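Contents: one structure, followed by commentary.
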Amino acid sequence: MSKTTTNNLGAISALKGYRLQFLYTLYRILSYKESESEFHPEGEFEDLDVYSQDGKVVEIIQVKDLGKVLTLSDITTTKKDNTFLKRSVRAFNEGNTPTIKLVSFGLINEDVKNLAKTEYSESLIKKLKRQGLNQKEIDILKGNFKYETVTEQNIENNIFSSIEKWGTFADIHIT
């Protein structure tokens, strides 16, 4: 494979990722809760930051479409300090208490699913520490981490349904 072909594949993957991130953001905006008043795509903390009426960040959302099973090392790694989980912890350190949400357009492995529990096994704690998280950071994740697996088709259907309720557009697919 030539270098040009490799670069094109990377660009295509990036564009697909941005498209799905936008699609999910639109879905969340159209299905907002009363307590949510602002949505910040590419927010201070994540792909989508959701704020309450009093200006507090209530949810930070990372959107992933890796084309493979998403693993713990995909959301935190010892190679970088600015990873999803590190940014999530920073939100707490700045006085916020948001839900930390991972949205995947694909499968998620058991280690990542286990982050959504309120108690962690010793094995998971060791893995998180190997990935560069300390005990305080791990404690922040407990009970605050959520995940959701979605499909592009389901998200699109929800968007179409929301827009159709307005009854003001002739062709929802063009809109």
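Things to note:
- VAL58 being in contact (Cβ under 8 Å) with a residue 40 or more places away in the chain, crowded, with 19+ Cβ neighbours inside 10 Å and in a strand (DSSP E or B): yes
- Residue within the range 1-21 that is open to solvent by 40 Å² or more (accessible area, probe 1.4 Å), hydrophobic (A, V, I, L, M, F, W, C) and at pLDDT 85 or above present: no
- Look at the range 19-45: where a residue is under 15 Å from GLY55 (Cα atoms) and touching a residue at least 24 places away in the same chain (Cβ under 8 Å) and a partner is open to solvent by less than 20 Å² (accessible area, probe 1.4 Å) and outside any loop (DSSP other than H, G, I, E, B), sitting 6+ places away or on another chain with Cβ atoms under 6 Å, you get PHE45/ILE60; PHE45/ALA91.
- Set side by side, the residues LEU128, LEU85, LEU102, LEU133 differ, and just one is outside any strand (DSSP E or B), closer than 23 Å to GLU42 by Cα and not acidic (Asp, Glu), which is LEU85.
- Residue match in the range 69-82 (condition: in a loop (DSSP other than H, G, I, E, B), modelled with pLDDT under 90 and surrounded by 15 or more Cβ atoms within 10 Å (Cβ to Cβ)): yes
The values are calculated or read from the model by the stated rules, or taken from the named source; none is laboratory data. This is a predicted model, so every value here is computed, not measured. All Cβ positions, even for glycine, are placed from backbone atoms using ideal geometry, and neighbour counts span all protein chains on display. All accessible areas refer to the heavy atoms of the entire protein, side chains included, with ligands and DNA or RNA removed. Shrake-Rupley method; radii C 1.70, N 1.55, O 1.52, S 1.80 Å.
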